[in-house]
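Scroll down for the structure; my scribbles are underneath it.
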Amino acid sequence: MSNNLLEIKNDIFKVSAEELIIGQIVKKEDFAVIQGKIEPTRDLALKLFAIAKLNYDTEMIPPISRQDETIYYVKARVYKNNEKVADGLGACSTKEVRGERQHHDALARAETRAFKRALEACVGLPFINELILQLFGGYEKKNGERVETPAITPDEFISKIREAKALPHL
């Protein structure tokens, strides 16, 4: 792990998850419930990047078009003192979204996923999980009720990566 990445974690961890919530910096609205799972949004990533005084940029990677779908790819990079410390890749297929703005929404979702992965690289899943636990009391929501579930371990996460056939399956 680079020194800058350690500095980022130290900058963000100077403020505990509880202090971020009590101070109204991080709110429930900074998360979305997707298929019953509570997930961080792009807004949360931007807030935490600001706390750690990070810069970021995004780059659209050429999409792949097939007969009935287009897959958009976005790379988000995070910098501290002009040195890249983390990045994340996001992808979304037009088959995942519906409506008139299918291509726009697929590209936006790919960007959000890239930001989320860059955020996870910067602050780590345990910190994000602590925010979720503090705000929601658990990691999943079903029919409007909280369901207590354990946080995923690093080994389980690696196993999911190996099992996934494509990025959306993670």
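Nothing in this text is a laboratory measurement; each read-out follows from the coordinates by a stated rule. This is a predicted model, so every value here is computed, not measured. Here the Cβ positions follow ideal geometry from the backbone for every residue, glycine too, while neighbour counts run over all protein chains shown.
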Lys pairs in segment 36-87 with Cα under 17 Å (8 or more apart in sequence, or on separate chains) total 4
To the nearest 0.05, what FRET efficiency results for R77 and E100 with a Förster distance of 30 Å applied to their C-beta separation? 0.45
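Once the Cβ-Cβ distance between E163 and E19 is put in as r, and R0 is 41 Å, what FRET efficiency do you end up with, to the nearest 0.05? Walk me through the numbers before you get to the answer.
Working: r = 36 Å, r/R0 = 0.89.
That pair, E163 with E19, gives E of 0.65.
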Three-way shape label, segment 62-117, alpha-carbon gyration tensor, a/c 1.5: prolate
Name the long-range amide H neighbours of T70: under 5 Å, sequence gap of 5 or more, or other chain; modelled H, no Pro or chain starts. T94, K95
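Report the net charge of residues surrounding D43, where surrounding means a beta-carbon distance below 13 angstrom and charges are Lys +1, Arg +1, Asp -1, Glu -1. Before the final figure, lay out each step's value.
On the way: positive: K27, K28, R42, K47, K116; negative: E29, D30, E39, E111.
Once positives and negatives cancel, what remains is +1.
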